[in-house]
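Below: one structure, written as structure tokens.
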Amino acid sequence: MTDEKNLQHRMILEQLLARASDEDALSAENESLKQQLAETLSALEQQNDPSAKEAEDDLLAGDPEKAKAIFRERAEAHENVARKAAISAAREYRYHGEFMFYSDTQEALGAYRRATELDPKNTDGWNQLGHLLDRVGEIDGAMEAYQQVLEIGEMANDQELIAIASGNLGNLFETRGELDDAEVMFKRSLKIDEKLGRKEGMASNFGDLGNLYAKRGDLDNAEEMYKKSLEIDEELGRKEGMANQYGNLGNLYFTRGNLDDAEEMYKKSLEIDEELGRKEGMAVVYGNLGNLYFTRGDLDDAEVMYKKSLKIEKELGRKEGTATDYANLGNLYATRGDLDTAISYWTKSLTLAREMGAAPLVQQVESIFTNHNLDIPKG
């Protein structure tokens with residue numbers, strides 16, 4: 001920097017310092033401000049940028065207001081660049097999360113968490129994060145994620161987003177045993193999907209309502225919902241949806257005592273899940289087949305199915321499925337007369353159910369202890 005520039009900088013430093021500081025200001029504060037201003041002027045001097053040169057000239061001319069406007073404009077430009085970079089990075093994290101979704105839950109969770117931090121307005125990131133948090137039993141976190149989707153949808157008046165978020169929130173209310181709230185969410189979602197002609201959403205809504213009616217013991221209405229859902233899924237060629245509804249119908253037939261029909265539905269569901277490599281669905285069907293074999297008194301085959309299910313559930317980190325398998329294995333060992341092993345499994349199940357805050361599952365496992373005249377483990 002030339003001597004002339006040094007002199008100009010010293011002069012403008014004194015002028016800016018006089019504007020920025022009272023006469024009573026501490027000398028240390030004055031020196032600090034001088035240093036910051038000197039660094040700013042020096043940095044501007046080194047930048048080969050017309051706007052930086054203009055800002056420097058304005059400062060040296062004693063016009064900090066004009067320079068301030070240039071600084072703000074430059075800062076906003078850099079923010080826009082950073083924002084675009086963050087959005088691009090978030091997209092890559094979502095790709096990574098999608099790739100790992102069915103094979104490594106924790107890896108996928110980390111990717112989607114980062115994606116939502118970088119791009120909090122992207123609903124795909126929040127939605128998938130909600131699914132993963134639900135899988136690992138973090139119901140409150142899943143609620144927050146789906147609520148983000150709902151809020152973004154409401155702000156943009158995006159009815160499809162509102163329908164998706166409402167359906168997902170309904171599933172969480174159902175897990176908590178809050179069936180009335182779940183029904184409100186499912187019907188809200190269905191109403192929107194019907195209005196939009198969104199058949200994929202309607203199929204999901206009918207299936208969700210079927211599960212809710214089945215839990216209430218209203219099997220006829222449940223069957224009607226499952227078959228409506230299956231009809232749409234078959235029409236659309238949605239294999240994942242078909243697998244879900246075959247499994248749901250299997251559960252319904254099982255509840256009615258139609259074990260052969262139930263087995264047929266479970267095997268149809270399993271065949272599709274294996275074709276798709278859909279581990280979560282496979283785990284559920286293995287567990288259901290275990291229940292069926294257990295009911296027939298075929299304990300060895302039931303144990304094989306329960307342990308197949310448990311292996312996948314633990315790999316995926318699905319707390320609800322893991323807790324259910326532990327409870328079922330406990331029942332199996334109790335039937336064999338091995339009460340110590342049974343208690344060990346039931347205790348594991350109860351611990352996971354309590355961690356999730358899944359009230360119906362907690363009550364179910366606690367009732368097992370009560371029915372066997374055992375003390376319920378303290379939470």
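The values are calculated or read from the model by the stated rules, or taken from the named source; none is laboratory data. Quick caveat: nothing in here was measured; it's all calculated off a predicted structure. Reconstructed Cβ throughout: ideal geometry from the backbone, glycine too, with neighbour counts over all protein chains shown. These accessible areas exclude ligands, DNA and RNA; they are computed on the full protein's heavy atoms, side chains included. Shrake-Rupley method; radii C 1.70, N 1.55, O 1.52, S 1.80 Å.
Data table
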{"item": "Region 347-376 residues that are closer than 18 Å to residue 133 by Cβ and of a type outside the set (A, V, I, L, M), paired with ones that are modelled with pLDDT under 95 and outside any helix (DSSP H, G or I) (beta carbon under 8 Å, 6 or more apart)", "result": "354/379; 355/137"}
{"item": "Filter pass, residue 192 being hydrophobic (A, V, I, L, M, F, W, C), open to solvent by 40 Å² or more (accessible area, probe 1.4 Å), in a helix (DSSP H, G or I) and at pLDDT 95 or above", "result": "no"}
{"item": "Inter-residue pairs, beta-carbon under 6 Å, first farther than 13 Å from residue 125 by Cα and in region 78-96, second assigned to a helix (DSSP H, G or I), 6+ apart", "result": "86/118"}
{"item": "Residue under evaluation residue 170, criteria (1) surrounded by fewer than 18 Cβ atoms within 10 Å (Cβ to Cβ); (2) of a type outside the set (D, E, K, R); (3) on the phi < 0 side of the Ramachandran plot, criterion not met", "result": "(1)"}
{"item": "Those residues of region 350-379 which are open to solvent by less than 50 Å² (accessible area, probe 1.4 Å), part of a loop (DSSP other than H, G, I, E, B) and closer than 24 Å to residue 176 by Cα, in sequence order", "result": "357, 358, 377"}
{"item": "Residue match in region 216-239 (condition: at pLDDT 95 or above, on the phi < 0 side of the Ramachandran plot, under 21 Å from the mean Cα position of the chain (by Cα) and assigned to a helix (DSSP H, G or I))", "result": "no"}
{"item": "Complete set of residues in region 240-278 that are under 23 Å from the mean Cα position of the chain (by Cα), open to solvent by 50 Å² or more (accessible area, probe 1.4 Å) and more than 24 Å from residue 216 (Cα to Cα)", "result": "240, 276"}
{"item": "Residue check, residue 178 free of Cβ contacts under 8 Å to residues at least 12 places away in the same chain and charged (D, E, K, R)", "result": "yes"}
{"item": "Residue 151 being open to solvent by 60 Å² or more (accessible area, probe 1.4 Å) and without any contact (Cβ under 8 Å) to a residue 12 or more places away in the chain", "result": "yes"}
{"item": "Given (1) out of contact with any Leu (no Cβ under 8 Å at 6 or more places or on another chain); (2) assigned to a helix (DSSP H, G or I), index of the condition residue 294 fails", "result": "(1)"}
{"item": "Residue check, residue 307 part of a helix (DSSP H, G or I), within 22 Å of residue 132 (Cβ to Cβ), among the basic types (Lys, Arg) and free of Cβ contacts under 8 Å to residues at least 40 places away in the same chain", "result": "no"}
{"item": "Residue ranges of helices (runs of 4 or more DSSP H) in region 93-179 with at least 3 members among the hydroxyl-bearing types (Ser, Thr, Tyr)", "result": "105-118"}
{"item": "Matching residues in region 316-349 - criterion: being open to solvent by less than 20 Å² (accessible area, probe 1.4 Å) and either of a type in the set (Gly, Ala, Ser) or at pLDDT below 95 (or both)", "result": "316, 321, 323, 327, 330, 342, 349"}
{"item": "Residue list for region 279-315, filter: farther than 28 Å from residue 336 by Cβ and either crowded, with 20+ Cβ neighbours inside 10 Å or of a type in the set (S, T, N, Q) (or both)", "result": "281"}
{"item": "Residue identified as among the β-branched types (Val, Ile, Thr), part of a helix (DSSP H, G or I) and within 21 Å of residue 280 (Cα to Cα) among 347, 324", "result": "324"}
{"item": "Pairs with Cβ under 9 Å, 6+ apart, first in region 231-250 and within 14 Å of residue 273 (Cα to Cα), second outside any helix (DSSP H, G or I) and open to solvent by less than 50 Å² (accessible area, probe 1.4 Å)", "result": "239/278; 240/278; 243/278"}
